[in-house]
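Participant: What follows is a structure written as structure tokens; I'll ask about it next.
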Amino acid sequence: MDICDLLEEIAGTYDQQLGTGGGVYAQDLLRQVPSLIEQAVPGSCKAQGYGGKGSAALTPWIGVFDPDITDDPKEGLYLAYIFAADLKSVTLTLQQGVTRLTGKYGEGKKLRDYLGTRGKALFGGLPPELVTDWASSPVFNSKADRPRAYEAGSVVARRYEIGSLPSEHVLREDLWHAVEILRAATDVKLLPKQESEGLAVGYVPTKHVEYKGLEGFEPKGSSDYITHIAEKTIVKSRSHEALIEQFGHYVEGRGFVPITKKQHPKDLILRRDGVEWLVEAKAIKRHNPTTAVREAVGQLFEYSHFWYEQAPKPHLLALFSEDIKGYMSYLEALKIASVWRTPEGWTGSPLAAAWGLVD
């Protein structure tokens, strides 16, 4: 489903008086958001709809989360399409999590003052060229505490009138740009960076199993997890699992069988007509593909060598969350195909197109 169609559908059918139960069309639609627009959001991000718990929200919204930053709207920074209470407009906004702050600041003016001051500081620390035309403050047409907190908690915003929404292409470009702003804002907050995994990998042969469709495709959860190794605690980012999940469903529609079951440490393998592809996925950070490309090359050759000693070598595919620019030809020279996300869907290198992975 397109973002444009989803926003129009929610605005046209949402009714707070109907509550949040099953069978309430707009609420059901909000609950289905993760699957409805998964192909429209950047590869390392997740979308989630919110229409309230118990009582329906005055201002329903759709959150877009980068799991490396937060996947919990109660705290941290995230993006949200927040509908005005009259449902005549929706605003794409970079939001500060509100709920966890209410214990300290309450629900009223003290909280809004804190959010406003903090939001201005975050905006002031962003590169000016990144936030041109994003300085507007949202208005959600409600005097209730939570919508007013959303107004105060906005760092940047872009408002759309429901009756004159821009094209799907513009909406997706705006969303992808907003994700760039979100990631830059985390640097302004000086959030602790993820530690390197630093894990030693052992290679144990596994029995070859044939799968059909999505039988062997079980991407890991996109929430971070803690691993305890040699008395050292390491936080391992799992945002790239969202990329794998989205790509797996995409290629299954093109006739490939995606498999993640019993494939560790490989990210993903694809099979079609007796041929196998070894896939390494990388979420690019700060629009700099250098590290991601280097890691993908090293892992693809390493896994191909150790895991396929007694079997035909697989085709190699590097999967990325965004355009790798000049590195495509470098990978092609190594006979590694590359595929990456765009606001419109998926694209890739000539080798990937020759294999039928992209058009």
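The values are calculated or read from the model by the stated rules, or taken from the named source; none is laboratory data. All figures in this text were calculated on a predicted structure; none of them were measured in a lab. No Cβ is skipped: glycine too gets one built from the backbone with ideal geometry, and neighbour counts run over all protein chains shown. With ligands, DNA and RNA removed, areas are computed over all heavy atoms of the protein, side chains included. Shrake-Rupley method; radii C 1.70, N 1.55, O 1.52, S 1.80 Å.
Participant: For the stretch 90-108, indicate whether the set of residues that are in contact with a Cys (Cβ under 6 Å, 6 or more places away or on another chain), among the acidic types (Asp, Glu), in a loop (DSSP other than H, G, I, E, B) and at pLDDT below 95 is non-empty.
Facilitator: Scanning the stretch 90-108, I find no residue that is in contact with a Cys (Cβ under 6 Å, 6 or more places away or on another chain), among the acidic types (Asp, Glu), in a loop (DSSP other than H, G, I, E, B) and at pLDDT below 95, so the answer is no.
Participant: Turning to a different aspect of this structure: Run down Asp359, Asp273, Asp323 and say which single residue is under 19 Å from Glu241 (Cα atoms) and among the acidic types (Asp, Glu).
Facilitator: Unique residue meeting the criteria: Asp323.
Participant: Right, another one. Restricted to the stretch 113-171, and to residues that are in a loop (DSSP other than H, G, I, E, B) and of a type in the set (Val, Ile, Thr), which residue is modelled with the lowest pLDDT?
Facilitator: Thr132
Participant: Give the residues of the stretch 107-125 that are among the aliphatic types (A, V, I, L, M) and touching a Phe, Trp or Tyr at 6+ places or on another chain (Cβ under 9 Å), sorted by residue number.
Facilitator: Leu111, Leu115
Participant: Further question: Quick one: in the stretch 155-173, which of the residues that are open to solvent by less than 20 Å² (accessible area, probe 1.4 Å) and of a type outside the set (Val, Ile, Thr) is farthest from the chain's Cα centre (by Cα)?
Facilitator: The selected residue is Tyr160.
Participant: Looking at the stretch 65-78, which of the residues that are crowded, with 23+ Cβ neighbours inside 10 Å and not aromatic (Phe, Trp, Tyr) is nearest to the chain's Cα centre (by Cα)?
Facilitator: Across the stretch 65-78, the extreme among qualifying residues is Asp66.
Participant: Just to be sure I understand the filter: pairs with C-beta atoms under 6 Å, separated by 6 or more residues or on different chains, first member in the stretch 160-185 and within 21 Å of Gly12 (Cα to Cα), second member surrounded by fewer than 15 Cβ atoms within 10 Å (Cβ to Cβ). Which pairs pass?
Facilitator: Pairs found: Ile162/Lys88.
Participant: Let me ask something else about it. Going through Arg272, Arg254 one at a time, which residue ends up being of a type outside the set (Val, Ile, Thr) and farther than 16 Å from Val339 by Cα?
Facilitator: Being of a type outside the set (Val, Ile, Thr) and farther than 16 Å from Val339 by Cα holds for just one of Arg272, Arg254, which is Arg272.
Participant: Among the residues of the stretch 281-300, count how many are surrounded by 12 or more Cβ atoms within 10 Å (Cβ to Cβ) and more than 21 Å from Pro265 (Cα to Cα).
Facilitator: Matching residues across the stretch 281-300 total 2.
Participant: Please go through the stretch 16-74 and give me each residue that is within 21 Å of Leu182 (Cα to Cα) and of a type in the set (A, V, I, L, M, F, W, C), ordered by number.
Facilitator: Val33, Ile37, Ala40, Val41, Cys45, Ala47, Trp61, Ile62, Val64, Phe65, Ile69
Participant: Moving on to the next point. On the given criteria, is Ser44 in contact (Cβ under 8 Å) with a residue 24 or more places away in the chain, touching a Lys or Arg at 6+ places or on another chain (Cβ under 7 Å) and open to solvent by less than 10 Å² (accessible area, probe 1.4 Å)?
Facilitator: no
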